[in-house]
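Here's the structure we're looking at; comments come further down.
Each value in this text was obtained by applying a stated rule to the coordinates, not by laboratory testing. Source: prediction; values computed, not measured. Note that each Cβ is placed from the backbone with ideal geometry, even for glycine, and that neighbours are counted across all protein chains shown.
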Amino acid sequence: MFPFEKFIRERLSEKRFRHSVNVARAARWLAFKYNADEEKAVIAGILHDITKEWKVHDHMTFLHKYNIGVTSYEYISKKLFHSITGACFVKIILKIPDMDIFNAIRFHTTARAGMSNLEKVVYLADFISEDRNFGGVDKLRALASLSLNDAVFAGLADTIRDISHSNKIIHPNTLNAYNEFVFLKEKEKNLKIDNYDLSKLISIKSIV
Ligand SMILES: [Fe+2]
Ligand SMILES: [Fe+2]
């Protein structure tokens with residue numbers, strides 16, 4: 001049994017509980033494979049959707065109570081609330097102070113530029129967990145077994161394609177994460193990137 005498994009079973013629907021356990025399992029596998037902390041991956045994975053079933057009112061009450069700000073992007077895309085309240089719930093209520101776990105939950109929906117290995121692991125685990133069955137998931141799982149960065153990049157590209165097709169707002173963190181991977185790929189190929197300043201792009205992470 002994973003840590004917090006009983007805790008989430010008592011608080012989430014059966015479907016969300018199964019998903020959370022599957023994400024923890026996928027996160028543990030990815031952490032082992034790509035040298036992230038397996039214990040942290042399991043904790044972040046199993047708790048990543050802890051507030052997903054809250055109503056908007058619950059999120060707003062929690063955010064207000066603890067004086068937590070959200071950007072207008074998050075305010076418009078209320079589906080993103082659970083990554084903020086989830087991370088804060090784990091830190092404040094469950095008293096887990098680890099910032100890498102906090103950030104892995106905080107950015108599991110949008111990703112961001114400058115993600116740690118643990119953040120990438122949880123972001124990707126949420127995509128490829130056993131209960132996912134979207135078109136292309138097997139291809140993404142295969143890619144995940146070869147390269148963490150390539151699989152996260154593919155997940156970001158898919159997300160951006162899907163959101164743009166539905167004419168919804170793409171969170172700047174997602175675009176920044178995507179662009180960072182493009183820059184890094186260009187750098188790996190030793191192509192000229194003189195016109196771009198990667199450090200400026202990465203520094204965006206410090207304001208969100
Ligand atoms: Fe989520
Ligand atoms: Fe999830």
For the chain, size of Cβ-based charge dipole, Lys and Arg +1, Asp and Glu -1, in debye: 320 debye
Cross-link partners of Lys52 among aspartates and glutamates (Cα-Cα below 19 Å; sequence separation of 8 or more within a chain): Glu5, Glu10, Glu14, Glu74, Glu119, Asp126, Glu130, Asp131
Whole-Hz ³J(HN,Hα) from phi, Karplus 6.51 cos²θ - 1.76 cosθ + 1.60, for segment 134-144, glycine and proline x: 6, x, x, 5, 5, 5, 5, 4, 5, 5, 4
Extreme residue, positive dipole direction of the chain, given options Leu140, Leu63, Leu94 (C-beta unit charges): Leu63
Reachable lysines from Lys185, criterion Cα separation under 26 angstrom, eight or more residues apart if same chain: Lys33, Lys120, Lys139, Lys200, Lys205
Rg(Cα) / (2.2 N^0.38 Å) computed for segment 5-207, rounded to two decimals: 1.01
Folded to 0 to 90 degrees: helix 38-47 orientation relative to the chain principal axis, Cα: 60 degrees
Neighbour-count order for Thr61, Thr174, fewest beta carbons within 10 angstrom listed first: Thr61, Thr174
